[in-house]
1. Subtract the Cα-Cα distance of Ala187 and Phe210 from 0.36 nm times their separation in residues, and report this length gain in nm to one decimal.
2. Which residues' amide hydrogens lie under 5 Å from the amide hydrogen of His296, considering only partners 5 or more residues apart or on another chain, with H built in the peptide plane?
3. Would you compute, from DSSP H runs of 4+ residues alone, the mean residue ellipticity of the chain at 222 nm, taking -39500 (n - 2.57) per run and dividing by the full residue count, rounded to the nearest 500?
4. Determine the order of Tyr398, Tyr170, Tyr126 by accessible area, beginning with the largest, at a probe radius of 1.4 Å.
5. Once you have a ≥ b ≥ c as the square roots of the Cα gyration tensor eigenvalues for the range 261-309, tell me rounded if a/c is under 1.5, and otherwise prolate or oblate according to whether a/b is larger than b/c.
6. Quick check: with the 1.4 Å probe, what order do Met407, Met285 take by accessible area, largest first?
7. Can you tell me how the range 216-260 classifies by the Cα gyration tensor, rounded, prolate or oblate, using a/c under 1.5 as the rounded cut?
8. Taking every DSSP beta bridge that has both residues in the chain, what percent is antiparallel when rounded to the nearest 5?
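The values are calculated or read from the model by the stated rules, or taken from the named source; none is laboratory data. In this text, all values refer to a predicted model and were calculated from it rather than measured experimentally. For neighbour counting, all protein chains shown are included, and Cβ atoms are generated from backbone atoms with ideal geometry for every residue, glycine included. When the accessible area is computed, the model is the full protein with side chains, heavy atoms only, and any ligands, DNA or RNA have been set aside. Shrake-Rupley method; radii C 1.70, N 1.55, O 1.52, S 1.80 Å.
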Amino acid sequence: MTERVRAQYEAFPYPPRDPRDETKRLIEGSPSHLLEVNHYIFGGRRDFRQPLRALIAGGGTGDGTIMLAQHLADRGCPAELIYLDVSKAARAIAEARARQRNLTNIRFVTASLLDLPTLALGRFDYIDCCGVLHHLPDPAAGLTILVSALKDDGGIGLMVYGALGRTGVYHLQAILRQLAADEPDIARLDLARRLLKQLPTTNWFARNPFLHDHLNVGDAGLYDLLLHSQDRAYTVPELAELVGVAGLAITGLIEPWRYDPASYLSDGALLKRVAALGWLERAAMAELLVGNLKVHICYAVKADRAATAVAQPHDPAMIPVLREGSGVESAKNLKPGGALTARADGLEARFALPRRAGPILTRIDGRRSLADIHADLGASEGARLEWPAFKAEFDRLYGVFNAVNKMFLLRDNN
Ligand SMILES: C[S@@+](CC[C@H](N)C(=O)[O-])C[C@H]1O[C@@H](n2cnc3c(N)ncnc32)[C@H](O)[C@@H]1O
């Protein structure tokens, strides 16, 4: 880690957070939402009555740490989270947030993740590394160190910058590096603001309206976006290589619909060829096609168990669960034969839902299994509903809701 990166996050803890806001809301996101972790790493089978050890590597001001610690505390899981970061200023904010929530399951450590081998923190069931690897001089070496602290049946949640969605960022970073590499932060921020006001309309950053940090996240956002001393971005194949070099395989990209070219195409001849591609090839193509992926969020496990890590809807004992809200509420907003609209960074996509989407959703409560929902639906229709007919409709509903990150699967209701 370079001293310059540490100094940046000491001066500008990221993202800026006010611990008092913890009384009003919980910030939830990806990676590290507990439903996602269970689904993409533990096959939906994790028993949260058992101890769980998690490392938040580069925890910053605490978003991932606080969310995961709260989710685990809400379930009564005997968990231990280790928050690790080089910035004392960021840690102070994360600690204050934990205090506001009376969270006692987090241990705070100030150190570099590169020093993990000498920190004697033990091994982990889950490691979160969100927005950190792309700031290391050697991200693959950093990830390999994280993997050395991962249990064989554990997994990692990652976020790295996306190359195409950040089009324009690196042009401005290069300009600012030439104009003001070694001046004090305050002068560099001033020059960055001046430059932003003078951008020709044809400049790629000016033509990329989906980058907001310099507008919404104050000095910390502007610095992080345009003045960072160590920052690179990844395409999907580059991310797969990074993960592969560390001995892992990707089990999920969030949100899945954004990584499927079929979300953006309707021409049958194109779709037929796309369908013949492998999953990662499709994801890489979706990135090239849509061009707006600013970050890549993924889950990964040790390569030898990738095939069994993700929860699948094949078993009638699986329990579908919604990320938020109730199935009844979700069903209320659906018209029969309706569609679900997903939006992200300037793009809207509509996904057709099956005929029984409403009645199935109404029965999804995080307790009923697929077998229960099938039986209940059949009884309510007063006619025989064969399992394959039910399953075909459920699979279509699940295909859409999981793709937009709204539905996951559990094996046991623990
Ligand atoms: C962009 S912030 C992300 C914070 C947090 N993970 C989040 O997503 O909100 C990057 C964080 O990584 C930390 N960091 C950078 N290099 C690190 C290293 N080698 N070891 C530990 N933390 C590091 C920085 O101090 C900073 O707090």
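1. That works out to 5.7 nm of additional length.
2. For His296, the qualifying residues are Val160, Tyr161, Gly162.
3. -11500 deg cm²/dmol
4. Listed by decreasing accessible area, they come as Tyr170, Tyr398, Tyr126.
5. Cα axes put the range 261-309 in the oblate bin.
6. From most exposed to least exposed: Met285, Met407.
7. oblate
8. Antiparallel bridges make up about 50 percent of those DSSP assigns within the chain.
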